Amino acid sequence: MRMCSSAGADIREFAGPLRGPPLVPLLDAIEAGEKPVVAAIEGVALGGGFELALVCHYRIVHFKARLGLPEVTLGILPAAGGTQRLPRLIGIPAALELITTGRHISAQEALKLGIVDQVTEQNACELAVEFALRAVAKPLSSRRVSMLTTPCPPDLDALLEAVTMQVKRKARGVMAPLACIQAVRAAATMPYSKGIKRESELMATLFNSGQARALQYCFFAQRTAGKWTLPSGAQWNNSKPREIRSAAIIGLGTMGRGIVVSLARVGISVIAVESEKKLLETGKQMVIGMLERDAKRRGVSASLNLLKFTLSLQDLKDVDLVIEAVFEDMALKKRVFQELSKVCRPATLLCTNTSGLDVDALAGVTDRPHLVVGMHFFSPAHVMKLLEVVCGPRSSSETIATAMSLGKRMGKVSVAVGNCPGFVGNRMLKPYLDQATFLLEEGATPEQIDKALEDFGFAMGVFRMSDLAGLDVGWRVRKESGLIGPDVDPKNPPRRRQGRRYCPIPDMVCEQGRFGQKTGRGWYMYDKPGGTNAKPDPLIQNLLEMYRSRYGIQPRNISDQEIIERCLFALANEGFRILEDGIAARPEDIDVIYLFGYGFPRHGGGPMFYASMVGLERVLERLEHYHQAHPDVPHLEPSPLLKKLVACGSPPVQKWREHIKTMHSHL
Ligand SMILES: CC/C=C\CC(=O)SCCNC(=O)CCNC(=O)[C@H](O)C(C)(C)COP(=O)(O)OP(=O)(O)OC[C@H]1O[C@@H](n2cnc3c(N)ncnc32)[C@H](O)[C@@H]1OP(=O)(O)O
């Protein structure tokens, strides 16, 4: 049997009833046949493709092939016998690991695990034919995997319990890995005929679940995000990116260091610039350490020869692209861009890593506004997968194509977004953070809010995330935007700014020098500065009590449901406004940003998909309810697009674009 490449079932078909003959009897019949069947695998054998290979009597694999059972990542399980045959072939621990993670493995690893019989650098099909001819005379009974006894460790229950705990810790609230464990248990404790029935029952609990819908949506959303398009007609498949061989990074703070590592490890020469000798030396040592650790982990040699460190911008005159990663200060950034205009050759692309400042204002101080684009990395930049590519009104299609393609080369999930304060991710964060602090005023605690969000599936609750990111950054932004400090009108009521509700608690926390993990104190307390073990702090509890009594606020019991609704519906509501404003082209782009940059749980699909799953009508009704209760919070006022979609019968996410297309695009 020649399997050039099989990515398994067509995932799009899972949205409707499955068609075609049932797979399991077909696969059982192949395995039971009297003629030897040899699978020749090239490319990939994933999901159903791998399950087909497992019923063959022998498996020959090209050395570049990859195999795996990724169903769990789609919210389902391998239900064509995969959970019953793989444990029989390679034992419970290895099968559990592969099935519960959905990890793809190389041909070499498959050989080591005993999944395949031979790995070849030649034509796998020709070798398989030779193999079949030699196998004709041999008995097949030991080659029928479903007939094998599952090699079972003596402490099976303890092992399954440990894996269950691990899965629950890693993927809180996710159903599919737990169902996979139960199916593998059946392979260990039941004959194949019963195990396959158990596999099918477990699949039935997952197949139509909201989690499966969300995870399958994420698979396609991630691929859709790369397909950017501009109102001019320029798009991902008709705009040629430039080849980038050399780059420069300005600023060796946390972001700059991560960007240097991301570039060097994909073979791009990097010149790193700092303004002072001491900062340069510290940055250099840290980058070298990060690259060496990264290379060790990947089993390759560190590409230190690609690096150059300098104090002089003059050294950048020949690079293909520059990424500025200096302090988040517009005046400073403008000076850097003016200087770059002078020293870099006219064709050099100038990028900024700003997390929310006006990219077009920076373009305006250069001699080449069409070659300026935002490349907003997320911290730590060598780890986080998200890259927002911020298209200014004057960025050329070639510039955007180059930034998107460079992101892909660095292994990032790149999303093209328009230029507005905070772009997509940080603009949406504001109403989300605001709701969390308003809930504090009204009676909740940081740990209660975080627990509700973490139970929902967020990697980290909003307060733990803020402590990790550093509270001083937002404090500085609030000072600069006149929300605190001498510019505030003294006639302003204390909990109002710029005509709307304002919560000063985050400022009070910062005034105490509590900047989060780095200072050992923030919304939580930590063992030491830089510690990561967050513990509730009675001082924060006192601060909240004093604050409420000062302003005469009677604390009330706040339910987890209210926390989730107010935080997440406010988040999605801003997403609708971003779509109206043409800052993101599609809801999928927003969801991908939240999945890869902000720890939104994949099994929730992202804020926009989640809103559609809850039901747009319900989201609208809850936002109206909360806005009525808090009329001084404009973010809770339902957006016109949300209302329009509800009026149109709440179409699925994939169809929202049809209702936005007449609106103006900033991409
Ligand atoms: C009874 C049920 C029986 C079996 C269950 C299953 O088999 S479930 C399916 C299990 N298979 C997978 O999860 C594989 C998913 N695909 C991948 O991991 C990657 O696409 C792959 C195959 C490794 C290739 O990666 P590459 O980076 O080369 O390409 P890309 O991901 O961009 O994909 C190219 C286009 O193909 C579409 N696609 C890939 N796999 C599937 C699939 N199984 N079903 C439907 N579509 C698939 C992908 O969306 C891309 O399409 P595009 O229109 O270009 O966006």
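The values are calculated or read from the model by the stated rules, or taken from the named source; none is laboratory data. Values in this document were obtained by computation on a predicted structure and should not be read as measured data. Please note: Cβ atoms are built from the backbone with ideal geometry, for glycine as well, and neighbour counts cover all protein chains shown.
Do we have any residue at all in the stretch 447-467 that's touching a strand residue (DSSP E or B) at 6+ places or on another chain (Cβ under 8 Å), touching a residue at least 40 places away in the same chain (Cβ under 8 Å) and under 29 Å from Gly605 (Cβ atoms)?
Keep residues of the stretch 447-467 that are touching a strand residue (DSSP E or B) at 6+ places or on another chain (Cβ under 8 Å), which gives 466-467.
Keeping just the survivors that are touching a residue at least 40 places away in the same chain (Cβ under 8 Å) gives 466-467.
Cutting the leftovers down to under 29 Å from Gly605 (Cβ atoms) gives us 466-467.
Yes, there is a match, as at least one residue in the stretch 447-467 is touching a strand residue (DSSP E or B) at 6+ places or on another chain (Cβ under 8 Å), touching a residue at least 40 places away in the same chain (Cβ under 8 Å) and under 29 Å from Gly605 (Cβ atoms).
Working only within the stretch 545-598, note down all residues that are assigned to a loop (DSSP other than H, G, I, E, B), in contact with a helix residue (DSSP H, G or I) (Cβ under 7 Å, 6 or more places away or on another chain) and not aromatic (Phe, Trp, Tyr).
Ile553, Pro555, Arg556, Ile558, Ala584, Arg586
I'm trying to understand the selection: among the residues of the stretch 465-494, which are over 21 Å from Thr532 (Cα atoms), surrounded by 13 or more Cβ atoms within 10 Å (Cβ to Cβ) and in contact with a helix residue (DSSP H, G or I) (Cβ under 8 Å, 6 or more places away or on another chain)?
Matches in the stretch 465-494: Trp475, Arg478, Ile484.
Sort through Asp487, Asp455 and tell me the only one that's under 23 Å from the mean Cα position of the chain (by Cα) and among the charged types (D, E, K, R). I'd like the intermediate steps shown before the answer.
Working: Asp487 fails: under 23 Å from the mean Cα position of the chain (by Cα).
When all the criteria are applied, what remains is Asp455.
Do we find a residue being exposed (fewer than 13 other Cβ atoms within 10 Å of the Cβ) and either at pLDDT below 95 or not assigned by TED's automatic domain parsing to the domain that holds Gly43 (or both) anywhere in the stretch 163-181?
Within the stretch 163-181, one or more residues are exposed (fewer than 13 other Cβ atoms within 10 Å of the Cβ) and either at pLDDT below 95 or not assigned by TED's automatic domain parsing to the domain that holds Gly43 (or both).
If I filter the stretch 70-89 for residues that are in contact with a strand residue (DSSP E or B) (Cβ under 7 Å, 6 or more places away or on another chain) and either in contact (Cβ under 8 Å) with a residue 60 or more places away in the chain or assigned by TED's automatic domain parsing to the domain that holds Arg198 (or both), do I get at least one hit? It would help to see each step written out before you state the result.
If we filter the stretch 70-89 for residues that are in contact with a strand residue (DSSP E or B) (Cβ under 7 Å, 6 or more places away or on another chain), which is where we start, we get 70.
Adding the requirement that they be either in contact (Cβ under 8 Å) with a residue 60 or more places away in the chain or assigned by TED's automatic domain parsing to the domain that holds Arg198 (or both) leaves 70.
So far as the stretch 70-89 goes, yes, one or more of its residues are in contact with a strand residue (DSSP E or B) (Cβ under 7 Å, 6 or more places away or on another chain) and either in contact (Cβ under 8 Å) with a residue 60 or more places away in the chain or assigned by TED's automatic domain parsing to the domain that holds Arg198 (or both).
What is the number of the single condition among (1) surrounded by fewer than 17 Cβ atoms within 10 Å (Cβ to Cβ); (2) outside the structural domain of Cys503 (by TED's automatic domain parsing) that Gln435 does not meet?
All conditions are met except number (1).
Would you point out which residue out of Ile76, Ile105, Ile99 is within 14 Å of the ligand (Cβ to nearest atom) and more than 25 Å from Lys64 (Cα to Cα)?
On the way: Ile105 fails: more than 25 Å from Lys64 (Cα to Cα); Ile99 fails: more than 25 Å from Lys64 (Cα to Cα).
Just one listed residue meets the conditions, Ile76.
Taking the condition of being of a type outside the set (S, T, N, Q), within 20 Å of Ala188 (Cα to Cα) and in a helix (DSSP H, G or I), how many residues in the stretch 72-116 meet it?
Number satisfying all stated conditions: 17.
Regarding Phe50, is this residue away from the ligand (no atom under 15 Å from the Cβ), assigned to a helix (DSSP H, G or I) and among the aromatic types (Phe, Trp, Tyr)? Talk me through it step by step, then tell me what you get.
Values: away from the ligand (no atom under 15 Å from the Cβ): no; assigned to a helix (DSSP H, G or I): yes; among the aromatic types (Phe, Trp, Tyr): yes.
No: the conditions fail for Phe50.
Could you check the stretch 80-105 and list, in sequence order, the residues that are within 29 Å of Leu595 (Cβ to Cβ), crowded, with 24+ Cβ neighbours inside 10 Å and not polar (S, T, N, Q)?
Selection gives Ala80, Gly82, Leu86, Ala95, Leu96, Leu98, Ile99.
Just one of (1) outside any helix (DSSP H, G or I); (2) surrounded by 16 or more Cβ atoms within 10 Å (Cβ to Cβ) trips up Leu215, so point out which.
Result: Leu215 passes all but (1).
What are the residues in the stretch 6-42 that are more than 26 Å from the chain's Cα centre (by Cα) and within 9 Å of the ligand (Cβ to nearest atom), if any?
Of all residues in the stretch 6-42, those more than 26 Å from the chain's Cα centre (by Cα) come to 16-42.
Leu18, Pro22, Leu23, Val24 - these are the residues of the stretch 6-42 that are more than 26 Å from the chain's Cα centre (by Cα) and within 9 Å of the ligand (Cβ to nearest atom).
Here is a check on your reading of the model: is Ala363 crowded, with 19+ Cβ neighbours inside 10 Å, touching a helix residue (DSSP H, G or I) at 6+ places or on another chain (Cβ under 7 Å) and assigned to a loop (DSSP other than H, G, I, E, B)?
Against the criterion (crowded, with 19+ Cβ neighbours inside 10 Å, touching a helix residue (DSSP H, G or I) at 6+ places or on another chain (Cβ under 7 Å) and assigned to a loop (DSSP other than H, G, I, E, B)), Ala363 does not qualify.
Tell me whether the stretch 228-242 contains one or more residues that are more than 28 Å from Met384 (Cα to Cα) and either within 16 Å of the ligand (Cβ to nearest atom) or under 21 Å from the mean Cα position of the chain (by Cα) (or both).
Checked the stretch 228-242: at least one residue is more than 28 Å from Met384 (Cα to Cα) and either within 16 Å of the ligand (Cβ to nearest atom) or under 21 Å from the mean Cα position of the chain (by Cα) (or both).
Kindly indicate whether any position in the stretch 402-414 is at pLDDT 95 or above, assigned to a loop (DSSP other than H, G, I, E, B) and under 18 Å from Leu357 (Cα atoms). Spell out how you get there, then give the answer.
Narrowing the stretch 402-414 to residues at pLDDT 95 or above: 402-414.
After this cut, where a residue has to be assigned to a loop (DSSP other than H, G, I, E, B) as well, the list is 410-412.
Within this subset, residues satisfying the condition of being under 18 Å from Leu357 (Cα atoms) are none.
Checking the stretch 402-414: not a single residue is at pLDDT 95 or above, assigned to a loop (DSSP other than H, G, I, E, B) and under 18 Å from Leu357 (Cα atoms).
Which of the residues that make up the stretch 122-145 are at pLDDT below 90, touching a Pro at 6+ places or on another chain (Cβ under 7 Å) and part of a loop (DSSP other than H, G, I, E, B)?
Val136
Given the options Glu328, Glu339, name the one that is assigned to a loop (DSSP other than H, G, I, E, B), assigned by TED's automatic domain parsing to the domain that holds Gly256 and surrounded by 14 or more Cβ atoms within 10 Å (Cβ to Cβ).
Answer to the check: Glu328.
If a residue has to be within 7 Å of the ligand (Cβ to nearest atom) and part of a loop (DSSP other than H, G, I, E, B) to count, how many in the stretch 61-71 make the cut?
0
Specify the residue that is surrounded by the fewest Cβ atoms within 10 Å (Cβ to Cβ); the eligible residues are those in the stretch 270-288 that are in a strand (DSSP E or B) and free of Cβ contacts under 8 Å to residues at least 40 places away in the same chain. Give the derivation first.
Going residue by residue through the stretch 270-288, those that are in a strand (DSSP E or B) are 270-273.
Those left that are additionally free of Cβ contacts under 8 Å to residues at least 40 places away in the same chain: 270, 272.
On the way: Val270: 22, Ala272: 25.
My answer is Val270.
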